[in-house]
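Below is one structure, written out as structure tokens; comments come after it.
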2 protein chains.
Amino acid sequence: MSPVLYDLSGKDDALRFSPYCWRVKLALAHKGLDVETRPWHFVDKDALAFSGQGAVPVLVDGDDVVCDSYEIMRYLDRTYPGTPLFGDERAEARARFFKFYAERSLAPAILRTIIMDLLNALHPGDREYFRETREKRFGRSLEDFHSPSRGLSQLDAALEPLRGRLDEADFIDGEAPAAADYLVFATFMWARVVSAADLVSNADPVYAWLERMLDLNGGMCRAAPRVVDLPDGYR
Amino acid sequence: MSPVLYDLSGKDDALRFSPYCWRVKLALAHKGLDVETRPWHFVDKDALAFSGQGAVPVLVDGDDVVCDSYEIMRYLDRTYPGTPLFGDERAEARARFFKFYAERSLAPAILRTIIMDLLNALHPGDREYFRETREKRFGRSLEDFHSPSRGLSQLDAALEPLRGRLDEADFIDGEAPAAADYLVFATFMWARVVSAADLVSNADPVYAWLERMLDLNGGMCRAAPRVVDLPDGYR
């Protein structure tokens with residue numbers, strides 16, 4: 001039986017945008033594992049009660065219930081040790097940095113750029129929850145937080161080390177992608193699914209890497225439905 | 001015979017501030033290797049002619065002449081494989097990112113903050129060379145480039161992922177420092193030797209890590225002479 005992943009979904013069930021869930025889907029594909037995803041919305045806290053907390057991703061694999069994207073990746077390496085995501089202890093220590101780089105450098109810059117697109121992509125039942133929790137976190141309205149010009153300039157600065165690395169190698173982790181690539185790329189999948197914003201110029205080495213990542217696993221990520229593909233995407 | 005390191009020095013021979021040379025000194029100490037350093041100045045191109053190029057660090061180890069800080073670290077791992085700096089191929093792929101993080105995120109922010117201090121710390125014979133090459137690179141005068149408020153705000157943003165990592169671990173590389181720690185910390189040694197600027201608040205997890213790094217190897221880095229310690233440091 002395939003593992004089951006509770007996966008955040010938007011106004012259409014096919015819109016799957018959570019960067020944390022993308023980490024897990026990329027990690028499962030890296031291991032060659034199939035997965036059955038169950039659409040979930042922010043307000044469906046009851047549906048996750050069995051996991052002891054209220055956020056996705058939650059992976060149910062036989063008798064194992066694992067929460068938190070990074071912990072799920074570690075679980076997959078322990079349980080399915082072929083084609084490791086992390087590598088040995090030192091390699092894993094360094095992988096941790098990419099988690100924080102994605103969450104604290106890239107994601108805030110991208111969020112500032114796409115937050116109104118993200119709001120539009122949410123399931124209608126999630127919008128009030130999203131607005132309330134985020135406005136409390138930012139200390140201002142979503143509309144005031146939204147600033148594509150500032151977001152893109154923050155992102156441009158944050159991408160500098162990634163440019164250096166991807167100018168010399170096809171993937172962050174070398175000749176083939178692994179944990180560091182997935183941790184970072186998942187943040188771009190989040191933006192891609194909900195927004196048409198051009199975050200990275202096509203002359204940027206990061207752009208060429210994004211294209212390579214979209215092509216992995218038979219183009220799994222490139223094929224993921226986007227708001228722009230939906231007939232009623234902006235209604 | 002100890003290896004010999006050509007090491008950039010300032011207005012006093014004891015002032016050793018090059019971040020690239022610090023990477024090498026930290027790597028040598030990590031291996032428990034003694035080193036004989038030779039003070040060098042930017043304009044002493046002839047003294048390095050034997051190496052085929054004109055920049056430090058240059059390490060002369062028996063018959064081996066190795067240039068470029070990162071290549072010297074790799075050389076040390078190949079030649080003295082005990083207590084590895086990098087680890088296996090995947091760990092090394094991830095270490096590359098820290099080189100770019102130090103050089104492209106942290107160093108530009110720090111330089112903007114300390115460039116006039118750096119100019120003051122240089123050997124008088126190096127100042128014209130430094131001003132000419134840097135003003136050409138920045139497209140403006142050192143005085144116009146100098147902006148501690150902008151530099152510190154850039155640095156604050158750039159430190160976010162490092163804060164995340166150092167909030168959970170003593171060192172970037174885990175329980176003990178290795179290549180990633182040295183690649184990043186060397187940039188802070190550069191600032192420490194030439195400037196009294198407070199780059200990181202003492203409530204920051206990065207500050208506690210800097211203190212730990214200063215204490216390594218019997219306080220080798222803490223003992224390194226600084227401009228502020230020289231009687232004629234600001235004359």
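Every number here is computed from the coordinates shown, using simple stated rules; none is lab data. The model shown is predicted, which means the values in this text are computed figures rather than measured ones. No Cβ is skipped: glycine too gets one built from the backbone with ideal geometry, and neighbour counts run over all protein chains shown.
Give me a count of the residues in the stretch A:213-235 that are assigned to a helix (DSSP H, G or I) and surrounded by 15 or more Cβ atoms within 10 Å (Cβ to Cβ). Give the steps one after another, and end with the answer.
Of the residues in the stretch A:213-235, the ones assigned to a helix (DSSP H, G or I) are A:213-219, A:227-229.
This time we only want the ones that are surrounded by 15 or more Cβ atoms within 10 Å (Cβ to Cβ), so: A:213-214, A:216-217, A:227.
Here the count works out to 5.
Answer with yes or no whether residue B:227 is aliphatic (A, V, I, L, M) and over 19 Å from residue B:151 (Cα atoms).
On the way: aliphatic (A, V, I, L, M): yes; over 19 Å from residue B:151 (Cα atoms): yes.
For residue B:227, the condition - aliphatic (A, V, I, L, M) and over 19 Å from residue B:151 (Cα atoms) - is met.
List pairs: first in the stretch A:180-191 and away from chain B (no Cβ under 11 Å), second outside any helix (DSSP H, G or I) and of a type in the set (Lys, Arg), Cβ under 9 Å, 6+ apart or cross-chain?
So the pair list comes out as A:189/A:16.
Quick check on the stretch B:136-174: of everything there that is in contact (Cβ under 8 Å) with a residue 12 or more places away in the chain, surrounded by fewer than 17 Cβ atoms within 10 Å (Cβ to Cβ) and in a loop (DSSP other than H, G, I, E, B), which residue is nearest to the other protein chains (Cβ to nearest Cβ)?
For the stretch B:136-174, the residue satisfying everything is B:167.
What is the residue count in the stretch B:26-44 for residues that are closer than 18 Å to residue B:224 by Cβ and either in contact with a Lys or Arg (Cβ under 6 Å, 6 or more places away or on another chain) or free of Cβ contacts under 8 Å to residues at least 60 places away in the same chain (or both)?
Here the count works out to 9.
Residues being touching an Asp or Glu at 6+ places or on another chain (Cβ under 8 Å), touching a residue at least 60 places away in the same chain (Cβ under 8 Å) and among the polar types (S, T, N, Q): count how many of those fall in the stretch A:1-25.
Selection size over the stretch A:1-25: 1.
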